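The values are calculated or read from the model by the stated rules, or taken from the named source; none is laboratory data. Please read all numbers here as calculations on a predicted model, not as lab measurements. With ideal geometry, Cβ positions are generated from the backbone for all residues, glycine too; neighbour counts draw on all protein chains shown.
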Amino acid sequence: MSIQNQQTKLNIGLFGFGVVGEGLYKVLEQTPTLNAQIKKVCIKHPEKRRSAPEELFTIDPEVLLQDNDINVIVELIDDADAAYYIVSTALKNKKAVVSANKKLIAEHLAELIALQQHFKVPFLYESAACASIPVIRNLEEYYDNDLLHGISGIVNGSTNYILTKVFEEKLSFEEALLQAQYEGFAESDPALDVEGTDAVNKLTILLAHAYGIVSPPQEIVHTGIQNLQAADAVFAREKGYEIKLVAQARKLDNGKIAAFVLPQFVQKDSQLYSVRNEYNGVIIESRLADKQFFYGKGAGSFPTASAVLSDLSALRYDYKYEYKKLRYQEPAQLTNDFFLRVYISFDGLFHVPHEKFEKIEEWSSSDRRCHVTGIIRFSRLLDASWWKRKSVSLIVYPDAFVDKVPVKERTEKDVLILV
């Protein structure tokens with residue numbers, strides 16, 4: 001059923017009544033001008049007490065999917081496989097869909113684009129990347145591929161919350177993670193957050209709207225904050241840096257796109273430096289507008305619900321993503337052929353894989369920990385066996401991209417590392 005105009009009533013079938021679903025329910029109660037109501041909610045655990053009338057709930061998804069009066073499905077569950085069935089069935093039944101499930105979208109983006117275009121119904125997911133920040137629609141509507149130099153940002157509020165608590169309030173990693181889960185900022189499976197999976201899923205979505213790139217998230221180099229060490233924080237403080245988990249994509253001189261999610265040292269002159277707790281921040285850089293900064297809460301009940309609400313409002317005008325850079329332009333291509341300046345720390349001096357570096361610029365060692373700063377060919381990170389380990393932490397420098405690498409020369413410092 002197509003949503004014709006702003007007078008059309010949105011009869012919503014809601015999947016999931018966790019912190020975001022309940023937040024949406026409360027927001028809709030306070031927003032009568034939207035002309036929307038939740039007709040039915042599908043839940044997994046009927047025994048739980050909920051702050052809504054009992055007759056609103058069902059455990060049968062078909063009650064929502066086959067109801068002809070329901071013209072909008074809002075999907076807010078954390079099971080990507082079940083969500084794919086829900087979303088794909090809803091689109092085939094010509095119901096508009098709003099989703100916050102970044103894992104579902106990132107892993108099935110090509111199929112979902114094909115479905116919504118074939119059945120000509122909207123599928124919106126602003127809340128799936130950066131929650132309250134309207135970054136998807138801005139990339140979709142405002143920035144041209146040829147003029148877009150790059151995107152970089154803190155897109156996972158949970159890891160940013162944890163880093164704030166660990167490095168500013170001196171909590172242990174475990175204490176900070178538990179606090180993030182208690183506040184509703186962390187996923188039910190915390191590995192999705194702390195290992196960078198959630199952030200790379202969001203980057204996958206942003207790439208489609210920024211550059212027309214539809215790539216499986218597992219093909220993008222990424223890690224999280226799980227291997228950061230106390231010594232890394234000491235080094236960062238000495239240099240005047242903050243450590244953030246940053247997702248980024250940058251257009252290189254050859255027109256191809258470099259994209260990854262890695263911890264990064266952030267300087268005080270960067271807008272990302274002061275992004276704290278569950279907040280997200282995204283910098284979009286274009287040829288004409290230079291740098292523009294988007295800032296807002298990236299996790300939690302009401303921030304995510306606000307983005308869902310924005311999508312619902314857009315449905316009144318039958319708004320759809322057009323994927324302009326995928327359909328009407330030559331999509332950009334990802335590349336792993338570039339150089340980065342990185343800091344890598346190891347458990348001991350003799351664990352340093354010197355052969356991975358094009359150039360070693362600085363190193364320091366003690367009996368317990370060694371760190372090396374140098375230039376590395378990014379393609380070497382495709383083999384994660386040597387750097388994505390508990391005893392190793394890799395952090396990208398603020399001036400990460402290196403245009404030219406001098407001919408590899410073995411210096412006295414290098415010799416000390418080799419022996």
Yes or no: the stretch 13-34 includes at least one residue that is outside any helix (DSSP H, G or I), free of Cβ contacts under 8 Å to residues at least 40 places away in the same chain and within 25 Å of ALA131 (Cβ to Cβ). yes
ASP69 fails exactly one of the following numbered conditions: (1) crowded, with 16+ Cβ neighbours inside 10 Å; (2) outside any strand (DSSP E or B). What is the number of that condition? (1)
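For (1) closer than 30 Å to PRO134 by Cα; (2) touching a His at 6+ places or on another chain (Cβ under 6 Å); (3) touching a residue at least 60 places away in the same chain (Cβ under 8 Å), each residue gets a yes or a no:
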| position | (1), (2), (3) |
| --- | --- |
| LEU309 | yes, no, yes |
| ASP318 | yes, no, yes |
| TYR321 | yes, no, yes |
| PHE339 | no, no, yes |
| GLY348 | no, no, no |
| LYS359 | no, no, no |
| SER365 | no, no, no |
From the options SER379, SER385, SER364, residue that is surrounded by fewer than 19 Cβ atoms within 10 Å (Cβ to Cβ), more than 23 Å from PHE235 (Cα to Cα) and at pLDDT below 95: SER385
Hey, does the stretch 308-315 have a residue that's within 17 Å of LYS102 (Cβ to Cβ), charged (D, E, K, R) and at pLDDT below 90? no
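Residues are listed down the side, and each one gets a yes or a no for (1) in contact with a Lys or Arg (Cβ under 8 Å, 6 or more places away or on another chain); (2) buried (at least 23 other Cβ atoms within 10 Å of the Cβ):
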{"position": "ILE136", "(1), (2)": "no, yes"}
{"position": "GLU141", "(1), (2)": "no, no"}
{"position": "LEU147", "(1), (2)": "yes, no"}
{"position": "GLY157", "(1), (2)": "yes, yes"}
Across the stretch 78-100, the tally of residues that are under 20 Å from ALA36 (Cβ atoms) and outside any helix (DSSP H, G or I) stands at 8
Scan ALA247, ALA208, ALA199 and give me the residue that is assigned to a helix (DSSP H, G or I), in contact with a Gly (Cβ under 8 Å, 6 or more places away or on another chain) and within 23 Å of ALA106 (Cα to Cα). ALA199
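Could you tell me which of the residues ASN227, ASN254, ASN277 is farther than 26 Å from LEU124 by Cβ, in a loop (DSSP other than H, G, I, E, B), of a type in the set (S, T, N, Q) and touching a helix residue (DSSP H, G or I) at 6+ places or on another chain (Cβ under 6 Å)?
Details: ASN227 fails: touching a helix residue (DSSP H, G or I) at 6+ places or on another chain (Cβ under 6 Å); ASN254 fails: touching a helix residue (DSSP H, G or I) at 6+ places or on another chain (Cβ under 6 Å).
Answer to the selection: ASN277.
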Run SER301 past the list (1) within 16 Å of SER132 (Cα to Cα); (2) modelled with pLDDT of 95 or more and report the number of the one that doesn't hold. (2)
Given the condition assigned to a strand (DSSP E or B), touching a Cys at 6+ places or on another chain (Cβ under 9 Å) and closer than 17 Å to GLY298 by Cβ, answer yes or no: does some residue in the stretch 134-146 qualify? no
